[in-house]
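Notes follow once the structure below has been shown.
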């Protein structure tokens, strides 16, 4: 959610980061695509779990939060094959 | 390493490949050379053979395509996803697709086709991604010099877990990625760089962030493609905002992440006699540069630009308590941190004595 009182630029940057995380987890960690997610799958805890799975794979601190180091890894050029599952 | 879920594999070991669609960015000859070399990486380490066909069906079909190309895994334009490949099987099985929107090269500029192709063919053979940052099957792109590239041990273990050992009488072995928390870990060289600390080891370096204490492992070649592996000494001249790296009788100057023009140069520039052909460690402090070679220390006066008379001296005569050969050294808050084997010794320059001894890997948060 936008930080109350955050500047519009901050809200935009945060929105961008959320987008990066969403896309990455859908592509490489089997997060069901938006619109295809059930109520349960859409819960923040599912995204936190997938984020921790990604952080574990890359040896990052498993914060479950899109911290700078995690976002930096997500922005690196890579192979399109998922890191987990088929 | 990890095998693809379900452990798919090719039943036959003599596989065929066909390049269905070339990229417009490289000559067909370059593409064929890169692809052939990429397959050799795997045939050298396993009983697999790869034969190129130019028509009809092939086990592994290769194509450079853009955007949505009909396999439910669309590409995303420049950068991001570079390529993908399918696990062993009929039809699309084994096929490798490369994003035509990328810049494909035969050199160190992104993205080197040989490296990406070798990775994708690992998937075509049944390997999934590895968590080893030094492995070929690590998901993120990292440049390594193709001319000296050898398949890392992690990937050799992976492909041999599927197809067994190579037919070569001598089984291939490859480099293993250093692990930060290995108690036997020693460093080749250490330097500060604008507040960060870089710990060099083989073809890698750990980068420690000053405030966040985050430590990340990178290939030297990812940041400086033209630098060799196995850097032996390094120091930062904070007054000139330059980092100097040494290997054998040569040295390089870095300004941030750019290598200065006119390097490498010879260490005789500092006034070393020709008998000195390598340096163990180096550190810069208050317009003097200290060089450590075996059990001796040399001191260079950066203002006079000459080696100081009366040197070399025994290290212990200048730094009492530093009795062993120095692998690496850097300076922080008027303290020289000397690294020797798996230990480091903090030498306080004001108190003129060792004030702390601890395990080297603590600097990597272990």
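Here, each number is a calculation from the coordinates, and none is a lab measurement. Because the structure is predicted, anything quoted here is derived from the model rather than measured. Virtual Cβ from ideal backbone geometry, glycine too; neighbours counted across all protein chains shown.
Points worth noting:
- The stretch between residue B:211 and residue B:13 holds 66.1 nm of extra length on full extension. This uses 0.36 nm per residue minus the Cα-Cα distance.
- Label-zone membership for region B:273-309, site residue B:237, 7 angstrom Cα→C-beta point, backbone N under 13 Å: B:283-290, B:300-307
- Inter-part distance where region B:100-142 and region B:163-235 are each reduced to a Cα centre, Å: 19
- Packing-based order for B:179-192, B:68-81, B:111-124, using average beta carbon neighbours within 10 Å, highest first: B:111-124, B:179-192, B:68-81
- Whole-number percent relative contact order across region B:209-366, with pairs defined as alpha carbons under 8 Å at least 6 apart: 13
- Taking every residue in B:126-134 and counting other chain Cβ atoms within 10 Å of its Cβ, the average works out to 3.
- Peptide-level mean, for B:207-217, of C-beta atoms on other protein chains within 10 Å: 2
- Averaged over residues, the count of other Cβ atoms within 10 Å places the peptides B:222-231, B:56-65 in the sequence B:56-65, B:222-231, highest first.
- Where only DSSP H runs of four or more residues are counted, the protein assembly as shown gives -6000 deg cm²/dmol as its mean residue ellipticity at 222 nm, each run worth -39500 (n - 2.57).
- Average other protein chain Cβ within 10 Å of Cβ, residues A:67-79: 5
- Computed packing ranks the peptides B:324-333, A:68-77 as B:324-333, A:68-77, most packed first, by mean other Cβ atoms within 10 Å.
- Length-normalised contact order for chain B - Cα pairs under 8 Å, 6+ apart - percent: 11
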